[in-house]
Amino acid sequence: MLIVMRKTADEKAQEEIKSYLIERGFDIHQSTGANRVIIGVIGDTENIPEADIKAFPGVLQVVRIAKEE
Amino acid sequence: MTIDDIRDRIDRLDSELLRIFNERASLALQIGEIKKGLDLPVYDPSREKRIFARMTAENDGPLDDQAIVRLFERVIDESRRLERIMTRGDH
């Protein structure tokens, strides 16, 4: 799963979403670009409700990675 | 200096980086053990922020500060993963 943060997302917003994921046992790979922060979520993310992630402040987009058959 | 000379130097530096990464990871595991004993959270955003601030302040280039942050984000991501394994015993 990839979480794209809004340009306007501040550090507090990033910390909130990262805490949520880490406390649930997921590893994350953060990549900070000039305009965007992208958080890659590693682990079995199927059971993370997309709506819960989108509800966090500063989240622009949630991208699920397609499962290979 | 030839391209092979430079590549040899890069190879030696990569080996040194590997050693340093693993030394740092060993220390992160020790932190994880202490956090487990004290029931402290793995994620410590203020500590991560201090590392980024210190590393960019000390950065003399040619890597720019954003590149330094990106590199340390990966190092910290992996340290955090090790700490999580240590504190929770899962993968």
Would you be able to tell me the number of residues in segment A:28-47 that are surrounded by fewer than 19 Cβ atoms within 10 Å (Cβ to Cβ) and either in contact (Cβ under 8 Å) with a residue 40 or more places away in the chain or within 14 Å of another protein chain (Cβ to nearest Cβ) (or both)?
13
Pair list, Cβ < 9 Å and 6+ apart or interchain, from segment B:1-22 residues that are at negative phi and modelled with pLDDT of 95 or more to residues that are hydrophobic (A, V, I, L, M, F, W, C) and open to solvent by less than 80 Å² (accessible area, probe 1.4 Å):
B:Phe21/B:Val75
In segment A:1-22, the residues that are among the β-branched types (Val, Ile, Thr) and touching a residue at least 12 places away in the same chain (Cβ under 8 Å)
A:Ile3, A:Val4, A:Thr8, A:Ile17
Please determine whether any residue of segment B:57-67 is closer than 25 Å to A:Thr32 by Cβ and touching a strand residue (DSSP E or B) at 6+ places or on another chain (Cβ under 8 Å).
yes
Identify, by number, the condition in (1) loosely packed, with under 15 Cβ neighbours inside 10 Å; (2) more than 14 Å from every other protein chain (Cβ to nearest Cβ); (3) modelled with pLDDT of 85 or more that A:Lys67 doesn't meet.
(3)
Quick check on segment A:24-33. Is at least one of its residues farther than 23 Å from B:Asp44 by Cβ and of a type in the set (S, T, N, Q)?
no
Please work out if B:Ala28 is under 16 Å from the mean Cα position of the chain (by Cα), within 14 Å of chain A (Cβ to nearest Cβ) and either over 29 Å from A:Thr45 (Cα atoms) or at pLDDT 95 or above (or both).
no
Among the residues of segment B:35-91, count how many are assigned to a loop (DSSP other than H, G, I, E, B) and either touching a residue at least 40 places away in the same chain (Cβ under 8 Å) or away from chain A (no Cβ under 12 Å) (or both).
8
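The values are calculated or read from the model by the stated rules, or taken from the named source; none is laboratory data. Quantities reported herein were computed from a predicted structural model and do not represent experimental measurements. Quick reminder, even Gly has a Cβ in these numbers, built from the backbone with ideal geometry, and neighbours come from all protein chains shown. These area figures cover heavy atoms from the full protein model, side chains too; ligands, DNA and RNA do not enter into them. Shrake-Rupley method; radii C 1.70, N 1.55, O 1.52, S 1.80 Å.
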